[in-house]
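The values are calculated or read from the model by the stated rules, or taken from the named source; none is laboratory data. Model, not experiment: these values are computed from the prediction. For neighbour counting, all protein chains shown are included, and Cβ atoms are generated from backbone atoms with ideal geometry for every residue, glycine included.
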Amino acid sequence: MRDKQVRRRRTILGLLVGASLILLTAYFGESPSSPLHAVQRGIVEVLSPIQTGASKVLSPVGDIAGWFSSTFRAKSQVSRLTRENQRLTRLLDQAQYAELQNQQLRGLVKLDAGIGAVNSYSPVAANVIGRDPGLWFQTIEVDKGSSDGVHLRDPVVGPGGLVGDVSQVGPNFSIVTELTNDKFAASVLVEDAKGDPGVLVPAVGNPDQLLVTSLPPHAQISYGQEVVTAGFKDATNPALHSLYPPGIPVGQVSNANQNTLINSQQVQVTPAVDLRHLSVVQILTRPNPSTERAQLPAG
Amino acid sequence: MSVEGASLRLPLRIAIVALIAVVIQETAISQISIFGVSADITPLVVVSIGLLCGSLTGAIVGFAMGLCVDLTLVQTLGITSLLYIPIGYWSGRLRELRDPSHGLVPLALGAAATAVTGLGMAIIQFLLGVDAPVSLLLLQQIFMTVLVNTLIALPVYEIVRRILHPALPEDPRRRRRRAYTTGGLSPLQRPSDRLGPISRSGR
């Protein structure tokens, strides 16, 4: 009798482990359009309204805990933010002068408004209704989907800058892959004297850091310089263009060691957006509008 | 209640507890940051159910809850199940083999389960080829999550126990132990009470 029980227990345990391994192997090897992914999307679709409801009902609890957490964090940040404020005030003065110049130049070359005019990209505001609590997947789930005009690979921005892009879309939800996910990459510019281009990749396993790689070896990059999306477009092949509009802030250079820059052509960047405390994001549903681009006069 | 109804009561309660735990985890708890990390109640619920219902139930609930977590987070299916099956199974085995009665057992098991989940997830990700360095931040996050989960392990166990308790079958070993510590099941069943004073005059 006891032997029978032990055999039954071991058989079920083996079946469960086997089922997990089969699921893992099948899922890992399949394409995103495969049946297993479709089933997963279907279940998320069903659970999405429940999650939205629960998220709204439980938001006061989260807000209270968030308030305490933010208060403790804020206290530790006062002195750093005071210095930051002084630095930003100086930068604002410079930026206001630069904007004045920029308006005059834009009138000359008929540049379209940059990321400042987010409205031209048909933004859709979305609430964050779920998130991955660990360091591994770096995804969030939002309550807007294809019925709101969201498409696969639409850029997502949050308070302060780029958050990531849409990696899965359902009718009433979207999964956003954050820029700290190991599969993320984007072409960016460092706002130094020359505007050096590079490729933004995550420092996987560290959600507070990003890397800008493939920089020119002798780029004059220093701490605190802004990094923005490059938004390139190939004139010879219009289909080849960046997924992200130009000028979206990505972060600030946090470590620009000249030796590292020369040897590995990369610098560290701190994300502009606090990815761990996102509650609302904007999905740019028309990231490449047919805007008039800057052109040099012929001859 | 009929016999069939009574036999379905426990699985139904377990399913409701598991589903609610996953939804609350993904919608609320994961958005609350304590010491820079979020608590994860799902391994704690698996441990609690394993401790209360046994190894087989623990393993099945571990598989199901892991699958739910992977489905709702749209991540690789099977990873979390693979981690939660041994957690549920060994929690149940501990109950079956040792029958621990100390009040802090759920706390220790909760800490161990969270550590296994964190480290196991890291190992599986490395095996699957995620190009990530073993950063200090990763170890720090695992440690902080273990700490936070340890703090909430007892309340989670108590909530799960209160929900499942009315549907749990009476455990014969616990009944025996209770009988031993209280001196018997009932005074009516004590031989001395049943038989009355023993007469020695017959010797």
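Considering only residues in region A:60-90 that are free of Cβ contacts under 8 Å to residues at least 60 places away in the same chain and at the interface with another protein chain (Cβ under 8 Å from one of its Cβ atoms), the one that is farthest from A:V169 (Cα to Cα) turns out to be A:S69. So, of the residues in region A:192-215 that are more than 17 Å from the chain's Cα centre (by Cα) and modelled with pLDDT under 85, which turns out to be farthest from the other protein chains (Cβ to nearest Cβ)? For region A:192-215, the residue satisfying everything is A:A193.
Table: residues versus (1) at pLDDT 80 or above; (2) within 11 Å of another protein chain (Cβ to nearest Cβ); (3) closer than 21 Å to B:G88 by Cα; (4) part of a helix (DSSP H, G or I).
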position: B:A112; (1), (2), (3), (4): yes, no, yes, yes
position: B:G118; (1), (2), (3), (4): yes, yes, yes, yes
position: B:M121; (1), (2), (3), (4): yes, yes, yes, yes
position: B:L154; (1), (2), (3), (4): yes, no, yes, yes
position: B:E158; (1), (2), (3), (4): yes, no, yes, yes
position: B:H165; (1), (2), (3), (4): yes, no, yes, yes
position: B:P169; (1), (2), (3), (4): no, no, yes, no
position: B:S192; (1), (2), (3), (4): no, no, no, yes
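Could you tell me whether region A:153-165 includes any residue that is charged (D, E, K, R), under 25 Å from B:Q125 (Cα atoms) and at pLDDT 75 or above?
yes
For region A:35-48, the set of residues classified as in contact (Cβ under 8 Å) with a residue 40 or more places away in the chain and out of contact with any Asp or Glu (no Cβ under 9 Å at 6 or more places or on another chain) consists of A:R41, A:E45, listed by residue number.
Residues in region A:109-143 that are at pLDDT 75 or above and among the aromatic types (F, W, Y): A:Y121 only.
Results for (1) at the interface with chain B (Cβ under 10 Å from one of its Cβ atoms); (2) touching a helix residue (DSSP H, G or I) at 6+ places or on another chain (Cβ under 8 Å); (3) modelled with pLDDT of 80 or more; (4) closer than 26 Å to B:V23 by Cα, shown as yes or no for each residue.
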{"position": "A:L16", "(1), (2), (3), (4)": "yes, yes, yes, yes"}
{"position": "A:L23", "(1), (2), (3), (4)": "yes, yes, yes, yes"}
{"position": "A:A26", "(1), (2), (3), (4)": "yes, yes, yes, yes"}
{"position": "A:S31", "(1), (2), (3), (4)": "no, yes, no, no"}
{"position": "A:L36", "(1), (2), (3), (4)": "yes, yes, yes, yes"}
{"position": "A:V39", "(1), (2), (3), (4)": "yes, no, yes, yes"}
{"position": "A:G42", "(1), (2), (3), (4)": "yes, no, yes, yes"}
{"position": "A:P49", "(1), (2), (3), (4)": "no, no, yes, yes"}
{"position": "A:T52", "(1), (2), (3), (4)": "yes, no, yes, yes"}
